[in-house]
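Laboratory data are not the source of any read-out in this text; all were calculated from the coordinates shown. Everything numeric in this text was worked out from a predicted model, so none of it was measured. All Cβ positions, glycine included, derive from the backbone under ideal geometry; neighbour counts span all protein chains shown.
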Amino acid sequence: MPARPVLTEPLPAPFDRRVQLFTGKGGVGKTSVVAGLAMEAARRGHRPLIVELGHRASVPGILAPGRALEVGYAPVEVVPGVFAMNMSLDDALEDYITAQVRVRRAARAITQSQALRRFFHAAPAVNEVVTLHRLSRLAEAAPSARGSFSPILVDLDATGHALMFLELPRVFEGLASSGPLRTLLDGFSKLLRDEDTTVLHLVALPLELPAQETHELYEQLRGNTATGVTARVPLGALIVNAVPDRPLTPEELALLPELEAAAPALRADVALARGAQAAAEDALRVVRELAQRVPLPLRRLPRCEGALGADALARLGARLLGGAPVNDERLGVSA
Amino acid sequence: MSGAQVGLDELLRTRRLVVCVGPGGVGKTTSSAAMALRAARMGRRALVLTIDPAKRLADALGLDGLDDEVRRVPGLDALTPLDPGGRVGTLDAAMLDTKASYDALLTRVTDAASRERIFGNRAYQAFSRTMARSHAYVAMERLLHVVEEDRWDLIVLDTPPTRSALDILDAPERLVRFLDERVVQWFLRGSGEPPEPLEGDAMEGAAAASAGSLGGRAAVKLLSLLVGAEVVTELVSFFSVLAHLRQGFRDRAARTAALLASPSTAFVLTAAPMPSGLADAANLLEGLRARRVPLALLLFNRAFTTEPVVAGDAAAALHAVRGAADRRAADRPAADRPAFGEQPLAPVVQAVPALPGPLEALAQRLAAVRRAAYDANQADLARMRAFAGSAEGVPACMLPRALRELEDIRDLDGLLARPRPLVDGL
């Protein structure tokens, strides 16, 4: 393992928090954003950990394609300096039980009992609770402690699941007013509210439906809707992924009628380029409207054509953290 | 009519249930609604059950909103029947609202006294609203209920994105296993008195006992230790009502399993050619295979840029392009709305003629734009072909990229009008 640089270059706000949660509609590229950010954090001398909650880790597939790398419950160094783990119910459960009975041997006896294991797999909320326990533990370790991670980048499932997760403390309110579960939930609530430690980023695409859903999610997180969450998690950036570039400059656009007249054979090409331009303008309009409705620092990421990989994601991460947040003028349609 | 069209239409004409699975963000909900609409145009009585639809889809369907209640989609009589001399059927839509569905389920299967006990139970209130797995369970209960109501010729079920789609298939069986668990039984038998906290050696004793023969009281104590006595008390009360209903749950789980395995049910996997989406779709494919669920069709959505239609309305050309959405589509009469482009995009149209300086540079620029679109098409096609190859003989087709926003059901209707077989190329 390469030696860690003595000096680390800080990450700009709002990407400077220890625990960073990412959510967005399925298919918006959350995993790519998280992987890119981890690459850039590692380049700056941090020790990032990507936490996935799904059935199977997808980070190794995009960061180290072609390498048959199994990422499980224990953090694995996927590429130099970037660690990843995938929550597994059985392991997280064993951790949780160990914390309660304080004897790993006894905890193992419980999790290895077929009957109890099936019970825990089928019982509601067990998965969520033990996941939360593991996350809390990762965040509790002092950032400077040996083997600890920072930042901890959590790829939450699609929006619905993320909301449920954030709502866990409330769900158990009144149901567990004391005891180990209460302690855990109180700790998690505190972590969620802690502006110095935690931040939730929203990831979107410049398309109508995902943008609409991002706005709805924002309102829910702000508690502005009937079904809004009560947990006030600090919000970070609005990251819009795969924003296309305008194919033509305004000057080129103005010349199109002249070209069409001079070379009728090129009408199809002209039409195609106009369409591509319209599509790009449309995407930029969606971004602009979304940015007005979701007043968070905005980061735009380019559309990545072709295969992903460590290099492409490193560029994505550098771009994410590189410039100042994009302001409205730069998004405006050129006259 | 292409083979792909026949494959899709055959399903919509003959099956009673189409289950749409796929990763998030591929237009699964939209294509589910489009399938149900197309079946209605075949004269069938169709229902689409969606999960969490965007408001825009409800708008496109001409509904104020979608909730647990089944609603009739208006305006179908304005559509033409798909078959000459045929008629247009009906289209209904409903959204799965977990809490409402749970309440409705319990109202169906319990007596008033049990119901009151359950509704007042804090564990029920917490879990029915919020937990991912209870969503999966109630989705299947709702499905079984509408199938058995026998009011529809075809039901199209939209499912949550990949990671939870398999949960849906497993949910009924899992609940039955759960209620059958010895642990739950111990729980109920062991709950005669309030659980006491365990200390010191007793903890380890309880833990060790669990590996072998755990008594009811010890199980309750163990769980009290892990989650707190209060939660356990509520759970015991919740389980004791559910346990009485066990036979009913078991019967319905068996009927659900039979429904999903029936030859009149088809599974359709919707995917988009983005690399991340296809990785998720591959996981899903594997999961379906492991459960021995045969896949009837692969549907690739948002797939390609077509050749612009320059002969007709110039505006139509704009719609042939990847991702273009025309905000003004709704303002024009339906007949004037642009058609989807049908011609595959050529890599080069014309050699760039000799032109005055700036025009020639522009022509080169346009050729580069075309080339980029063509390359993106080819990359998508290669990914789709590789994926279809891994699906071993499942027929595959692709839909033109949704070229405009869904403004009303006509747009939805256009979506499935021209699927193309993958082998056609782009």
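How far is helix A:30-43 tilted, in degrees, relative to the longest principal axis of the Cα atoms in chain A, given as a value from 0 to 90 rounded to the nearest 10?
On a 0 to 90 degree scale, this one is about 80.
Given H placed on each backbone N at 1.01 Å, which residues far from B:ALA272 in sequence or on other chains put an amide H within less than 5 Å of it?
Placed amide hydrogens put B:ASN301 under 5 Å from B:ALA272.
A:LEU21's amide H: which non-local residues (gap 5+, or another chain) put their own amide H closer than 5 Å, with H modeled 1.01 Å from N in plane and none for Pro or chain starts?
The answer is A:VAL154, A:VAL199, A:LEU200, A:HIS201.
Hey, what's the Kirkwood Rh for chain A if you take every pair of different alpha carbons, in angstrom?
21.8 Å
Could you sort the peptides A:146-154, B:116-124 by per-residue average Cβ neighbour count (10 Å cutoff), highest mean leading?
Final packing ranking: A:146-154, B:116-124.
Per-residue mean of other chain beta-carbon atoms within 10 angstrom of the beta-carbon, peptide B:356-365?
Mean number of neighbouring Cβ atoms from other chains: 5.
Shielding of B:137-144 by partners, i.e. mean partner chain Cβ atoms within 10 Å per residue?
0
Could you compute how fast region A:174-315 diffuses translationally, taking Rh as the Kirkwood radius over C-alpha pairs and applying Stokes-Einstein at 37 °C with viscosity 0.692 mPa s? Give it in µm² per second.
175 µm²/s
Would you list which lysines come within 27 Å of B:LYS28, measuring only between C-alpha atoms, while excluding same-chain residues fewer than 8 positions from it?
A:LYS25, A:LYS30, B:LYS55, B:LYS99
Given a Förster radius of 45 Å and the C-beta distance between B:SER114 and A:GLU70 as r, what FRET efficiency does 1/(1 + (r/R0)^6) yield to the nearest 0.05?
0.45
Enter the mean number of other protein chain beta carbons within 10 Å of the beta carbon of each residue in A:170-179, as an integer.
6
Could you order peptides A:192-204, A:104-116 by the average number of other Cβ atoms within 10 Å of their residues, highest first?
Ranking, from highest mean packing down: A:192-204, A:104-116.
Per-residue counts of other Cβ atoms within 10 Å, averaged by peptide: what ranking do you get for A:177-186, B:137-146, highest first?
B:137-146, A:177-186
Please compute the modelled spin-label separation between B:LYS99 and B:ASP251, points set 7 Å along Cα→Cβ, answer in nm with one decimal.
Inter-label distance under the simple model: 3.0 nm.
Take the eigenvalues of the Cα gyration tensor for region A:112-262, scale each by 5, and report the square roots as semi-axes in whole Å, largest first.
With the √(5λ) rule applied to region A:112-262, the semi-axes are 43, 19, 17 Å.
Between the DSSP loop rule and a limit of at most 14 other Cβ atoms within 10 Å, which GluC sites (Glu not before Pro) in region A:15-112 are left?
A:GLU70
Let's test this: bin the Cα-Cα distances of region A:1-96 at 5 Å from zero up to the farthest pair and state each bin's percent.
Reading upward from the zero bin: 2, 12, 22, 23, 20, 13, 6, 1.
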